[in-house]
Amino acid sequence: WRQRALLWAVLLAAWEAAWGQLRYSVPEEMPKGSFVGDVAKDLSLQLPALIDRGVRIVERGRFQYFSLHGKTGHLVTADRIDREQLCEGVQQCVLRCELVVEGEMKFYGIEVEIKDINDNAPSFREAEIELRMSETTAQGARFPLPRAHDPDSGRNSLQSYDLSGDEHFSLAVQEGPGGDQRPELVLAKALDREEAAFHDLVLRAIDGGDPARTGTARIRVTVLDANDNAPVFSQAEYTVRVPEDVPVGSTLVTVTATDADQGLNGQAKYSYQTISVKVSKILHLNAETGAITLMRSLDFEEGDLYELEVQAHDGGELFDTAKVVITVTDVNDNAPEISVQSALSEISEDSPSGTVVALLHVEDRDSGANGEVRCSIDGGVPFRLQSSHGSYYSVVTARELDREQVSEYNVTVRAADGGSPPLQSSAVLSLRVLDVNDNAPVFAEERYSARVSENNAAGALVLRVRATDADWGQNARVRYRLWEGRVRGAALSSYKFIVDAKSGTITLKETLDFEVTRGYTLLVEARDGGGLVAHCEVELDVLDVNDNVPEI
């Protein structure tokens, strides 16, 4: 059957990529690593780029059912999947996950339908069933028999019953409101306790698999003396609503049946007509009092409605049946959960408004108003929230950033549900702003002036100019040079001044002579690491020194 299951998975693994949604199907119980779908092909992702783009599978449940094969780009099973454990009683079993491409800030929804295989045989809760009947029971009387349970679905589930063992009894199968089969034991021939005190029968349940699986229960019918009154419940249906935080041990509802007979024939015993193993571990029925008590904490998110069938049997096995409906109401016991799917750690200050810096998923497991989540960002930061799809949100820039004003942000995203009082949670995103060369150097003064005596030696200090740049790093590193110089309106060519490129210090390259030139005009350029420039003017006066004797 595993080979047929694998072929079934390959043939039925169809996908649909509308609105970012992929759909596949795979049979249950496939080994770990079994092929589910070619995600890389279906999304046109190149295999070498899978790791570079940060592609991964995200599932919201407690277990990881699927993983992405890094070499092939295939979606494969992360473990064996038991459909009956996941979706018992559900016709179509679908698991959902998301494929997040961090590098592209994208996600794709994936739905995988888990196909049923006939891996479970029908079974009865009790292999030995004891019935007691009065010898005065009328021919044609019907007695409900325990139903078999088959967790498989469709044709693989329970299909029919048959009975063997005695001519006194036959089998009738009634169809319930939901289409379920309800076996009944029919008295075909009158009983005579003196002739036979016991009757042994075999009830067999058969599913529709190929080959079919069966389960059996042995029935022993004990013939008793007359009991002509059956128990009668006080009402045909009991309905109760309870909050999910009701304490363990609480009595949720009590069913009551009365019997007009006396003695053992008038004492009613209570039991479940049909109940799953899971519910039997949560709700306990007291056989003597009819009280249904809570054995384990309720969880609205796991189950919000329990429908039970309860029988009351008297000492002669006459019975009545009542329906019990327990509705679980939601309590705000789950805070919203914020998960960061992808986030930037740094952003350029010239990024346009609306740039996505983070992709968040927000979920609250409660329902109604308790599960309605409102998200916000703490004020004072140039960011805003933008709803992406469903419960996904994008954190985007609200305006252009300026590193010279704020170089780093801690963005706090808060989520609050609609409960009373509301439950809250938060997540902090740290973001560093990268510098862009958007500031030119600025001189401390637009015009500098200095006086220097003639005959100073080469290398003598004239003055120092200084320019600053509001940018950071290489963009803020300033270098100086003489851009132009004038000597009384003429270009400075023969007179050489030296400007230190790093410090902006102007020194003499050669001695000045007052009698030759009494003043200089220099133009100094400051250039930052990004190529932005600024200029300042330096006026230099030469002071006379008594270095000439009179001439006659």
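The values are calculated or read from the model by the stated rules, or taken from the named source; none is laboratory data. Keep in mind the model is a prediction, meaning the values are calculated, not measured. Backbone-built Cβ (ideal geometry, glycine too); neighbour counts: all protein chains shown. For the accessible areas, the whole protein counts, side chains as well, though only heavy atoms, and no ligand, DNA or RNA atoms are used. Shrake-Rupley method; radii C 1.70, N 1.55, O 1.52, S 1.80 Å.
Looking at the stretch 524-546 only, could you name the residues that are over 60 Å from the mean Cα position of the chain (by Cα) and open to solvent by 40 Å² or more (accessible area, probe 1.4 Å)? Show your work before the answer.
Taking the stretch 524-546 and keeping what is over 60 Å from the mean Cα position of the chain (by Cα), we get 524, 536-546.
Residues satisfying the conditions are Glu537, Glu539, Asp541, Leu543, Asp544, Val545, Asn546.
If only one of Val186, Val248 is modelled with pLDDT of 90 or more, assigned by the TED database to the domain that holds Tyr270 and either open to solvent by 60 Å² or more (accessible area, probe 1.4 Å) or in contact with a Phe, Trp or Tyr (Cβ under 7 Å, 6 or more places away or on another chain) (or both), which one is it?
Details: Val186 fails: assigned by the TED database to the domain that holds Tyr270.
The conditions single out Val248.
Under 7 Å by Cβ, and 6 or more places apart or on different chains, what pairs join a residue from the stretch 81-93 that is more than 19 Å from Ser67 (Cβ to Cβ) and not assigned by the TED database to the domain that holds Asp180 with one that is of a type in the set (Ser, Thr, Tyr) and open to solvent by less than 70 Å² (accessible area, probe 1.4 Å)?
Hits for this filter: Gln91/Ser153.
If Met295 meets every condition in (1) touching a residue at least 60 places away in the same chain (Cβ under 8 Å); (2) farther than 30 Å from Leu185 by Cα; (3) aliphatic (A, V, I, L, M) apart from one, which number is that one?
The failed condition is (1).
Here is a check on your reading of the model: is Val340 under 30 Å from Val242 (Cβ atoms) and open to solvent by 30 Å² or more (accessible area, probe 1.4 Å)? Steps first, please.
Numbers: under 30 Å from Val242 (Cβ atoms): no; open to solvent by 30 Å² or more (accessible area, probe 1.4 Å): yes.
The answer is no for Val340.
I'd like the residue in the stretch 129-169 that is among the basic types (Lys, Arg) and either over 18 Å from Ala205 (Cα atoms) or in contact with a strand residue (DSSP E or B) (Cβ under 6 Å, 6 or more places away or on another chain) (or both) and, out of all such residues, is least open to solvent (accessible area, probe 1.4 Å).
If we filter the stretch 129-169 for residues that are among the basic types (Lys, Arg), which is where we start, we get 132, 142, 147, 155.
Narrowing the set further to residues that are either over 18 Å from Ala205 (Cα atoms) or in contact with a strand residue (DSSP E or B) (Cβ under 6 Å, 6 or more places away or on another chain) (or both) leaves 132, 142, 147.
Working: Arg132: 110, Arg142: 116, Arg147: 45 Å².
The selected residue is Arg147.
Restricting to the stretch 437-469, and then to whatever is touching a Leu at 6+ places or on another chain (Cβ under 9 Å) and of a type in the set (D, E, K, R), can you tell me which residue is most open to solvent (accessible area, probe 1.4 Å)? Don't jump to the end; show me each part of the working.
The initial filter retains those residues of the stretch 437-469 that are touching a Leu at 6+ places or on another chain (Cβ under 9 Å), namely 437-441, 448-463, 469.
From what is left, the residues that are of a type in the set (D, E, K, R) are 438, 451, 454, 469.
Numbers: Asp438: 81, Arg451: 178, Glu454: 5, Asp469: 23 Å².
Applying the filter and picking the extreme gives Arg451.
Take the residues in the stretch 223-233 that are in contact with a strand residue (DSSP E or B) (Cβ under 7 Å, 6 or more places away or on another chain) and surrounded by fewer than 14 Cβ atoms within 10 Å (Cβ to Cβ); name whichever of them is modelled with the highest pLDDT.
Filtering the stretch 223-233 for residues in contact with a strand residue (DSSP E or B) (Cβ under 7 Å, 6 or more places away or on another chain) gives 223-227, 230-233.
This time we only want the ones that are surrounded by fewer than 14 Cβ atoms within 10 Å (Cβ to Cβ), so: 225-226.
Values: Asp225: 67, Ala226: 72.
In this case the residue turns out to be Ala226.
Wholly within the stretch 380-424, which strands (runs of 3 or more DSSP E) include no fewer than the required count, namely at least 2 residues that are more than 18 Å from Met105 (Cα to Cα)?
Values: elements: 383-389, 392-397, 408-417.
It comes to 408-417.
Please list, ordered by residue number, the strands (runs of 3 or more DSSP E) wholly in the stretch 133-234 having 1 or more residues that are touching a helix residue (DSSP H, G or I) at 6+ places or on another chain (Cβ under 7 Å).
Passing ranges, in order: 198-207.
If a residue has to be under 25 Å from Arg147 (Cβ atoms) and of a type outside the set (Gly, Ala, Ser) to count, how many in the stretch 228-253 make the cut?
10
Among the residues of the stretch 195-209, which ones are of a type in the set (D, E, K, R), modelled with pLDDT under 90 and either under 13 Å from Leu158 (Cα atoms) or not assigned by the TED database to the domain that holds Tyr161 (or both)? Explain how you work it out, then say what you get.
Filtering the stretch 195-209 for residues of a type in the set (D, E, K, R) gives 195, 200, 204, 207.
Now restrict to residues that are modelled with pLDDT under 90: 195, 207.
If the condition is that a residue be of a type in the set (D, E, K, R), modelled with pLDDT under 90 and either under 13 Å from Leu158 (Cα atoms) or not assigned by the TED database to the domain that holds Tyr161 (or both), then Asp207 is the only one that fits.
Quick grid of which residues meet (1) in contact with a helix residue (DSSP H, G or I) (Cβ under 6 Å, 6 or more places away or on another chain); (2) over 17 Å from Gln92 (Cα atoms); (3) open to solvent by 10 Å² or more (accessible area, probe 1.4 Å); (4) at pLDDT 60 or above:
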residue: Arg4; (1), (2), (3), (4): no, yes, yes, no
residue: Ala9; (1), (2), (3), (4): no, no, no, no
residue: Glu16; (1), (2), (3), (4): no, yes, yes, no
residue: Trp19; (1), (2), (3), (4): no, yes, yes, no
residue: Glu29; (1), (2), (3), (4): no, no, yes, yes
residue: Phe35; (1), (2), (3), (4): no, yes, yes, yes
residue: Lys41; (1), (2), (3), (4): no, yes, yes, yes
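Pull up the stretch 43-94, narrow it to residues that are among the charged types (D, E, K, R) and assigned to a helix (DSSP H, G or I), then point me to the one that is modelled with the highest pLDDT.
In this case the residue turns out to be Arg83.
Exactly one of (1) open to solvent by 40 Å² or more (accessible area, probe 1.4 Å); (2) of a type in the set (Asp, Glu); (3) over 23 Å from Leu224 (Cβ atoms) is unmet by Asp330. Its number?
(1)
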